[in-house]
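Chemist: Quick one: structure below, then a few questions.
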Amino acid sequence: MITSKHSNASSTIPPNINLVKILIGIYAAILCATAVAGESSAVEATNDDYLVGKQLYQSRCVSCHAGAMLKAPQMEALKLYPPEYIIQSLTSGVMSTTGLSLSASEMQQVAYYVTGKMVSDKTADLSDAFCVSDSPAKIRSSASAQWAGWGGELNSQRFQANETRLNKQTVADLELKWAFAFPDTSRVRSQPTVTESMTYIGSQDGTVYALDTDTGCVRWTFQAENEVRGAIKLQGDAGNQVAGEARLLFGDYKANAYALNAKTGALLWKTKVHSHPLASVTGSVTADNKRVYVPLSSSEVVPAAQSTYACCTFRGALVALNLEDGSIAWRTYTTDKPEPLGKNAVGVPRFGPSGAPIWSGPTLDTKRNLVYATTGQNYSSPATGTSDAVIAMDTTTGEVKWVSQVTANDAWNGACGFTMINCPEEDGPDYDIGASAILVTSKSNRDLLLVGQKSGLTYAMDPDQQGKILWRQRVGSGGTMGGVHWGMSSDGERLYVGVSDLPTKNRYNQGDPYPGVHALDPDTGAFLWRNVLPSLCPEGIKFACFQGVSAAVSSSPGLVFAGGMDGRLRAFDASSGDTLWTYNTFREFTAVNGLNGQGGSIEADGPVIANGQVFVTSGYDKWAEMPGNMLLVFSLPN
């Protein structure tokens with residue numbers, strides 16, 4: 001039986017923005033906003049610093065941040081950021097091309113004017129946050145991981161089958177157990193990996209933390225080269241006392257892959273996995289007992305908005321590394337090598353094909369010796385048959401076995417709707433598949449690949465028939481910021497889908513928006529229930545706030561958990577879709593590591609369900625949403 005819970009979707013974002021304004025707003029936020037925290041020396045502020053910073057801001061940024069651009073954070077929001085956040089953006093973040101014309105002192109002056117604070121070489125003192133000495137039995141990790149990577153298991157179901165304490169009767173009793181605040185952070189993108197005694201998570205400044213699962217105290221830290229956005233994959237027996245038996249595997253935003261000793265945090269190896277200067281690892285890695293599979297994306301759509309940028313030369317890839325030493329076993333690109341294609345309207349060279357990034361974690365299929373990667377759009381013409389697709393590769397050789405494309409002729413970058421100079425002739429619709437494909441055995445005992453897309457469509461594919469599409473179902477209106485973003489969940493009986501559907505109108509929207517959570521029959525695609533969430537955003541909020549679900553969805557027997565862009569974490573009845581429990585994370589927290597923290601939008605990584613507890617990160621600032629720096633852990637009362 002289909003049940004429907006509709007509401008009038010409203011938010012602080014106007015409902016009738018046309019495509020040009022949407023894209024201008026989105027990429028103005030990227031080109032004019034701020035990025036990750038970094039390092040610089042302490043400088044004493046003067047009135048001259050303030051005046052110069054004001055002049056630079058007004059000449060270069062005010063048009064974006066004074067409200068004309070939909071997604072650019074306004075001054076009220078920028079003042080909440082640490083000044084280091086501005087500096088790193090201008091040096092090596094998303095504003096680095098703009099920062100080329102600024103001196104180091106000018107960057108500091110802009111940061112001072114925007115935030116009211118000068119940068120400092122002081123780092124947060126976490127010495128009191130480290131665990132006190134404890135017995136070896138206490139500090140060793142559990143022999144079986146409770147949630148070992150992005151999808152929980154290799155098939156990316158995001159389903160915790162072994163959960164017994166949390167159920168429909170007890171979930172309403174969940175309460176906050178502890179909260180950890182990340183220093184100098186305005187977003188959290190790394191989903192926690194949880195064992196019975198250890199919780200591993202990366203951060204915006206590149207620090208990887210090993211936290212005590214029971215208390216949140218710090219066991220050890222490791223400093224990666226750049227932001228760690230994906231979940232950390234725990235590979236091996238984490239309870240084994242033999243050094244190096246269990247490994248932590250992950251990538252960073254500078255396209256490095258790492259392996260650490262899970263007990264100590266010692267670096268085992270580090271490998272550069274892509275040569276392009278704008279390449280990054282945004283998706284989570286996965287692994288088997290021989291290899292680590294690393295997805296590659298990039299930020300090249302951002303500088304492509306500038307007419308002077310030679311667009312575009314990045315091509316997505318999946319790289320397999322040998323687990324033992326990090327050496328490259330194979331690398332498979334998602335497009336052919338970009339070739340010169342003449343010049344753009346201002347005489348700058350053009351290249352293509354390009355793009356087809358892999359934003360999400362790959363899915364392993366040990367039965368067929370395949371690994372599945374989902375791709376995004378091409379960055380430049382010509383559009384290829386591998387963008388917006390599922391690509392099946394042989395795990396041993398990397399050979400492409402089949403490609404199943406769901407949207408053809410999708411070439412798009414930040415110039416589309418902005419300067420237009422570098423916009424490909426296809427001009428959209430930017431229908432990435434940002435969610436990992438789910439491999440599941442359905443009620444009819446049939447293996448299926450379940451796929452969700454920003455178009456607002458979901459699909460079932462047959463892995464034994466070259467990815468043949470068995471059904472497609474529209475779950476939302478889709479669009480540049482619509483549809484399915486970061487991940488779905490399935491228990492085999494139902495497919496649980498989170499839908500973003502920001503209320504922005506463009507020529508690619510189809511039908512009404514359905515922001516919320518929906519359940520489909522995996523065999524047929526038929527709706528089993530729909531829960532369209534109400535708008536509960538506070539009046540006068542200075543950030544973008546909306547009830548849609550962009551973050552990945554997770555489930556356990558009888559329950560579905562989803563976090564919203566409005567900062568609310570919810571638990572739903574898996575059979576009916578009824579909302580059973582809600583917690584608003586958009587608030588201040590006193591963290592166990594001695595810092596004052598702030599929750600915000602729940603945007604990318606989803607809830608982790610482990611041993612009767614729910615772990616979720618809160619805070620995401622990229623699209624002018626509510627920034628924050630929290631890892632929150634909920635449990636049932638003792």
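Chemist: Inspect all residues belonging to region 288-299 and state whether any of them is at pLDDT below 95, within 30 Å of CYS416 (Cβ to Cβ), buried (at least 20 other Cβ atoms within 10 Å of the Cβ) and of a type outside the set (A, V, I, L, M).
Modeler: Yes.
Chemist: Can you find even one residue in region 575-585 that is buried (at least 24 other Cβ atoms within 10 Å of the Cβ) and under 24 Å from the mean Cα position of the chain (by Cα)?
Modeler: Yes, some residue in region 575-585 is buried (at least 24 other Cβ atoms within 10 Å of the Cβ) and under 24 Å from the mean Cα position of the chain (by Cα).
Chemist: Can you pull out every residue in region 571-604 that is touching a residue at least 40 places away in the same chain (Cβ under 8 Å), charged (D, E, K, R) and part of a strand (DSSP E or B)?
Modeler: Residue satisfying the conditions is ASP573 alone.
Chemist: Could you grab the pairs with beta carbons closer than 6 Å, sequence gap of 6+ or different chains, first residue in region 255-273 and among the hydroxyl-bearing types (Ser, Thr, Tyr) and surrounded by fewer than 23 Cβ atoms within 10 Å (Cβ to Cβ), second one assigned to a loop (DSSP other than H, G, I, E, B) and at pLDDT 95 or above?
Modeler: THR271/GLY326
Chemist: Additional query: Check TYR620 against each of (1) closer than 26 Å to ALA148 by Cβ; (2) modelled with pLDDT of 95 or more; (3) in a loop (DSSP other than H, G, I, E, B); (4) hydroxyl-bearing (Ser, Thr, Tyr) and name the one condition it does not meet.
Modeler: (2)
Chemist: Which is touching a His at 6+ places or on another chain (Cβ under 6 Å) and hydrophobic (A, V, I, L, M, F, W, C), of VAL532, VAL633, VAL592, VAL616?
Modeler: The conditions single out VAL532.
Chemist: Then there's this: Of all the residues that make up region 461-494, how many are of a type in the set (A, V, I, L, M, F, W, C) and over 23 Å from the mean Cα position of the chain (by Cα)?
Modeler: 4
Chemist: Tell me which residues, restricted to region 193-216, are among the acidic types (Asp, Glu), within 21 Å of VAL132 (Cα to Cα) and in a loop (DSSP other than H, G, I, E, B).
Modeler: Listed by number, the residues that qualify are GLU196, ASP214.
Chemist: Separate question: Considering GLY202, GLY216, GLY151, GLY230, which residue is over 20 Å from ASN261 (Cβ atoms) and touching a Gly at 6+ places or on another chain (Cβ under 9 Å)?
Modeler: Exactly one of GLY202, GLY216, GLY151, GLY230 is over 20 Å from ASN261 (Cβ atoms) and touching a Gly at 6+ places or on another chain (Cβ under 9 Å), namely GLY151.
Chemist: Identify all residues within region 339-375 that are buried (at least 24 other Cβ atoms within 10 Å of the Cβ) and either touching a Phe, Trp or Tyr at 6+ places or on another chain (Cβ under 6 Å) or without any contact (Cβ under 8 Å) to a residue 24 or more places away in the chain (or both); write none if there are none.
Modeler: SER354, GLY355, GLY361, PRO362, THR363, VAL371
Chemist: Looking at (1) at pLDDT 95 or above; (2) of a type in the set (Asp, Glu); (3) surrounded by 20 or more Cβ atoms within 10 Å (Cβ to Cβ), can you tell me which one ASP184 breaks?
Modeler: Result: ASP184 passes all but (1).
Chemist: Moving to a separate point now. What are the residue pairs meeting all of these: first residue in region 161-176, first residue under 16 Å from ASN584 (Cβ atoms), second residue surrounded by 13 or more Cβ atoms within 10 Å (Cβ to Cβ) and polar (S, T, N, Q), Cβ atoms under 8 Å, and 6 or more apart or on different chains?
Modeler: Correct list of pairs: LEU174/SER635; GLU175/SER635.
Chemist: Can we say ARG219 is charged (D, E, K, R), touching a residue at least 60 places away in the same chain (Cβ under 8 Å) and surrounded by 23 or more Cβ atoms within 10 Å (Cβ to Cβ)?
Modeler: No; evaluated as a whole, the condition is false for this residue.
Chemist: Given the conditions (1) over 22 Å from ASN162 (Cα atoms); (2) modelled with pLDDT of 95 or more; (3) in a loop (DSSP other than H, G, I, E, B), which single one is not true for LEU631?
Modeler: Of everything listed in (1) over 22 Å from ASN162 (Cα atoms); (2) modelled with pLDDT of 95 or more; (3) in a loop (DSSP other than H, G, I, E, B), LEU631 misses just condition (3).
Chemist: Right, another one. Taking TYR514, is it at pLDDT 95 or above and more than 20 Å from SER618 (Cβ to Cβ)?
Modeler: Considered against the rule, which asks whether it is at pLDDT 95 or above and more than 20 Å from SER618 (Cβ to Cβ), TYR514 comes out as yes.
Chemist: I'd like the residue in region 498-520 that is within 25 Å of ASN409 (Cβ to Cβ) and without any contact (Cβ under 8 Å) to a residue 60 or more places away in the chain and, out of all such residues, is surrounded by the fewest Cβ atoms within 10 Å (Cβ to Cβ).
Modeler: GLY511
Chemist: In region 541-557, is there at least one residue being surrounded by fewer than 18 Cβ atoms within 10 Å (Cβ to Cβ) and modelled with pLDDT of 95 or more?
Modeler: yes
Chemist: Evaluate the following for VAL114: is it outside any loop (DSSP other than H, G, I, E, B), at pLDDT below 85 and crowded, with 17+ Cβ neighbours inside 10 Å?
Modeler: yes
Chemist: For region 117-168, how many residues are at pLDDT below 95, of a type in the set (A, V, I, L, M, F, W, C) and more than 19 Å from LEU439 (Cα to Cα)?
Modeler: 12
Chemist: Just need a number here: residues in region 407-423 that are surrounded by 22 or more Cβ atoms within 10 Å (Cβ to Cβ) and in contact (Cβ under 8 Å) with a residue 60 or more places away in the chain.
Modeler: The total comes to 8.
Chemist: Still on this structure, I have one more. Quick one: ASP523 ticks every box in (1) out of contact with any Asp or Glu (no Cβ under 8 Å at 6 or more places or on another chain); (2) surrounded by 20 or more Cβ atoms within 10 Å (Cβ to Cβ); (3) closer than 19 Å to SER156 by Cα bar one, so which box is it?
Modeler: Answer for ASP523: the failing condition is (2).
The values are calculated or read from the model by the stated rules, or taken from the named source; none is laboratory data. What you see is a predicted model, and the numbers here were worked out from it, not measured in a lab. Cβ: placed from backbone, ideal geometry, glycine included. Neighbour counts: every protein chain shown.
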